[in-house]
Structures are given as structure tokens and as C-alpha cells.
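Everything on this sheet refers to the single structure shown next.
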Amino acid sequence: MKQLIYFLIIFPILFSSCKNSEYQVDRIEGQQIALKDSISENDSISDFIAPYKERITREMDSVLAYAPNNLSKSNGDLNTALGNMMADAVMELSNPVFKSRTGKSIDVVLLNHGGIRSAVNQGEITTGTAFQLMPFENEVVVAELKGEDIRDLITYLIEGQTAHPVSGIELVLNNNNEIVHANIQGKPIEDEKIYYVATNDYLYQGGDNMSFFSKSENVTGLDYKIRNLLIDYFKQKDTIDPVADKRFIRE
């Protein structure tokens, strides 16, 4: 009992003393330790992570489809086979989800060239391929834009002269980068019409300077990661052999 009373008296004094003390960092020291093969593994840690590593490796190496040709985002001027495949995949798999929630259909898909993070090599396409193409957690969103705002989107494409992945749009330029014609779903753009543009949440928030999305008053999130969408697309298609076409060209 005396010990308990002693503790109850002494502890507040010690705590109060620590609380009122002021400490300052005198110095910070660090050392860089290079990771080399000479560093031995910790067997207990290796044994613990082994089953998880085996499962992840098995999932990443699972074959989903086949590519008869190499696909690269650099193989094209204003559109590329790889970019077209990604935009068309978003159009094809996002549209049913969007339509079931809103009763509307997606008119245009716009992704960004920089978001394609790897090539697709000839041969087997695996789950790991999808992770390499899209390592980010970006999800599909569908923005409502008026036709006049779609023209800002087109101006962005023309000024950028970059093969951003698009689908649902046909844009033809002359040698002076002037518009010969611009169609959405095969029809001329109407300034007052509402168009539904699928993109990812990063671009919708203004990424890659796509400021025209700020004019959208309504947006629908699909809760569908683009990486997962690509995995689903590969499973459905079996053979992936897209081509560069005339969706965005210069005559």
C-alpha cells in the first residue's frame, strides 16, 4: 500500500518535470546503406513473405491475351495503335456501366499520352502487362460538356500535337493545322448539345492542363479503375491487334 501511495505521488512529479522540460535536437546523423547481393537475407522474413510473393507472381504472370505485334505509344503522329486500343477499351467497357446508371451513352473518350507507362511486347499479355501500362489508381469518370466546350478540347488536341488516346471523335487537319472537319460519333459538333466524355479522375481535375473539364457541371464516377478495365478487356478479346487509323490525322 505504501508503495502504491509512493508511486501516485512520485509519478505526477516526474510527468510534470518531463512535460515542462524543453528538448532540442543537437544533431541528426544518417548513413546510406547500399543494397547489395552481399547482404544476407533474413530467413524468418523470407519465409513469412514467400507465400504472398508466390501468389502475386502467379497472378501477375497469368496470361490474359496475345499480341501478334509490338505496341508502343511512340509509333504514330497524332494517334497510335496502343493509344487507340486503350481509348476503345474504355469506350467499350465503360459505356454499359454508364448507360445502366444514367440511361445515357458515352460520346467521347479522352485519355493522356503520358498516362501510358509502358509498351506491349509481342507475345503473351499478362495481368502484369496491365499493371505496367497503368500503374496508377486512376478511375473512369464521365463528364458532361457542351459542344462549345468540346471545341476547347479539340483546340487542346491540335495545339498539343500529341497522340492522346481518343475514341468517338474524328478530327482531320490540313498542313496548316486548321480543322478540315471534326465529328463526334460521325456527326458535326453542335454547340448547345450535351456530350458525355469519359476520361480519368486525374485529367478531370485538370491534370495535363486539361482545364476545359472545369466547365463540366456534372460528372459521373464509374468506380472502375482503368487498370482493372484493361484486364477485363484483355480477357474478353484474346488477341490484341489494334491499328493506327483516321480518328485524328493530318491530311
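Please treat every number below as a calculation from the coordinates, not as lab data. All values reported here derive from a predicted model rather than from experimental measurement. Cβ: placed from backbone, ideal geometry, glycine included. Neighbour counts: every protein chain shown.
Okay, here's what the table says:
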| item | result |
| --- | --- |
| Inter-residue pairs, beta-carbon under 8 Å, first more than 14 Å from residue 230 (Cβ to Cβ) and in contact (Cβ under 8 Å) with a residue 24 or more places away in the chain and in segment 52-69, second of a type in the set (Asp, Glu) and surrounded by 10 or more Cβ atoms within 10 Å (Cβ to Cβ), 6+ apart | 63/124; 66/124; 66/238; 68/241; 69/241 |
| Count of segment 92-118 residues which are part of a loop (DSSP other than H, G, I, E, B) and in contact with a helix residue (DSSP H, G or I) (Cβ under 7 Å, 6 or more places away or on another chain) | 8 |
| Among the residues listed as 77, 107, the single one being surrounded by 15 or more Cβ atoms within 10 Å (Cβ to Cβ), within 15 Å of residue 247 (Cα to Cα) and touching a residue at least 12 places away in the same chain (Cβ under 8 Å) | 107 |
| Only one of 217, 251 that is touching an Asp or Glu at 6+ places or on another chain (Cβ under 7 Å) and either surrounded by fewer than 17 Cβ atoms within 10 Å (Cβ to Cβ) or of a type in the set (A, V, I, L, M) (or both) | 217 |
| Criterion (in a helix (DSSP H, G or I), surrounded by 10 or more Cβ atoms within 10 Å (Cβ to Cβ) and over 23 Å from the mean Cα position of the chain (by Cα)) met by exactly one of 89, 50 | 50 |
| Breaking point among (1) farther than 30 Å from residue 213 by Cβ; (2) in contact (Cβ under 8 Å) with a residue 12 or more places away in the chain; (3) part of a helix (DSSP H, G or I), for residue 83 | (1) |
| Candidates 192, 178, filtered to the one that is farther than 24 Å from residue 115 by Cβ, surrounded by fewer than 12 Cβ atoms within 10 Å (Cβ to Cβ), of a type in the set (Asp, Glu) and in contact with a strand residue (DSSP E or B) (Cβ under 8 Å, 6 or more places away or on another chain) | 192 |
| From the options 120, 172, residue that is closer than 21 Å to residue 226 by Cβ, surrounded by 15 or more Cβ atoms within 10 Å (Cβ to Cβ) and touching a residue at least 12 places away in the same chain (Cβ under 8 Å) | 120 |
| Positions within segment 159-212 being of a type in the set (A, V, I, L, M, F, W, C), assigned to a loop (DSSP other than H, G, I, E, B) and touching a His at 6+ places or on another chain (Cβ under 8 Å), in sequence order | 163 |
